[in-house]
Amino acid sequence: MRDNLSSGGMGKEFDYRISDFRRVAKHIYERAGIVMADSKQSLVYGRLSKRLRMLGLDSFSAYLDFLESGKEKGEWQIFINALTTNLTYFYREDYHFQILKKQILEHPGALKIWCAACSTGEEAYSLAMTVCDVLGSKANAVNILASDIDTKAIEFARRGIYLEKQTERLPWNLKKEYLLRGAGNSLGYVQVKPVIKDMVSFRQINLLDEYSVDGEKFDAIFCRNVLIYFNAETQVKVLKKLGSNIKQGGYLYIGHSENVRELTDLFVRSDRSVYKAI
């Protein structure tokens with residue numbers, strides 16, 4: 001597949017031109033804040049081809065015309081789901097969970113945590129396991145909201161069923177305590193125990209929208225490895241919104257390659273890619 005589309009079609013199953021890619025990039029930026037560099041042309045073709053096939057269309061131009069027509073109200077969400085990236089795993093960037101343990105011990109009680117880009121659920125369940133590991137029977141006082149823009153990812157997360165190999169980074173004591181190993185036809189899979197699933201509520205939220213957590217205040221917000229998909233302007237917009245939902249003295253956890261830039265009026269660095277709301 002050629003990434004340089006300027007000369008016309010790609011000689012593949014569907015006609016796909018540089019003008020089509022530009023339209024896709026414009027729409028995903030406007031609706032999800034995701035910046036699509038030219039290097040993503042092949043990714044876009046691969047991600048959307050299945051949808052064109054299902055709709056019986058022969059070109060990306062036809063698909064984009066259909067999308068923009070608004071004939072199918074749910075098509076925009078399908079489009080977003082196809083182009084969002086769901087790269088995650090249990091206990092990712094494990095040092096954050098050690099920092100969270102300290103926060104829980106310092107502020108025991110009815111904590112509220114928001115996993116603001118939960119993807120397929122591994123991070124949210126890792127948070128719940130960490131809380132249970134520290135608080136034991138008192139963990140039910142902690143509420144965890146998990147949200148994502150991708151509705152299919154949320155559906156998957158709610159099931160709480162994963163390949164066993166996906167839990168390799170999870171500490172052994174947490175796997176033993178909070179996961180059920182499958183047998184028979186379910187061999188090779190694990191299921192999150194009800195005590196963990198019941199701690200997490202899942203909700204579809206687009207961080208660019210006036211999302212439905214307005215007025216809610218959280219002790220900790222995890223929004224890790226999301227800002228890297230946004231440009232500087234969108235990063236600031238999202239961080240300001242997140243900041244408005246953190247209690248004074250609460251903590252924002254972001255990815256190791258991310259930072260809060262010039263928002264020193266909202267956050268002060270507390271630990272490794274952890275910022276305290278001021």
Given Leu170, Leu187, Leu127, Leu208, which one is without any contact (Cβ under 8 Å) to a residue 40 or more places away in the chain and either within 30 Å of Glu75 (Cα to Cα) or not basic (Lys, Arg) (or both)?
Leu187
Among the helices (runs of 4 or more DSSP H) lying completely within the stretch 1-112, list those that include at least 2 residues that are over 30 Å from Ala139 (Cα atoms).
18-32, 41-55, 60-69, 75-83
Taking the conditions exactly as written (free of Cβ contacts under 8 Å to residues at least 40 places away in the same chain and assigned to a strand (DSSP E or B)), does Tyr251 satisfy them or not?
no
Name the residue that is modelled with the highest pLDDT, counting only residues in the stretch 52-72 that are charged (D, E, K, R) and over 10 Å from Arg23 (Cβ atoms).
Arg53
Of all residues in the stretch 98-117, count the ones that are modelled with pLDDT of 90 or more and farther than 22 Å from Ile154 by Cβ.
9
Which listed residue, of Ser126, Ser119, is outside any helix (DSSP H, G or I), within 23 Å of the chain's Cα centre (by Cα) and either surrounded by fewer than 18 Cβ atoms within 10 Å (Cβ to Cβ) or not aromatic (Phe, Trp, Tyr) (or both)
Ser119
State whether one or more residues within the stretch 73-82 are on the phi > 0 side of the Ramachandran plot, among the small types (Gly, Ala, Ser) and at pLDDT below 95.
no
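The values are calculated or read from the model by the stated rules, or taken from the named source; none is laboratory data. Quick caveat: nothing in here was measured; it's all calculated off a predicted structure. Note: ideal-geometry Cβ built from the backbone for every residue, glycine included; neighbour counts use all protein chains shown.
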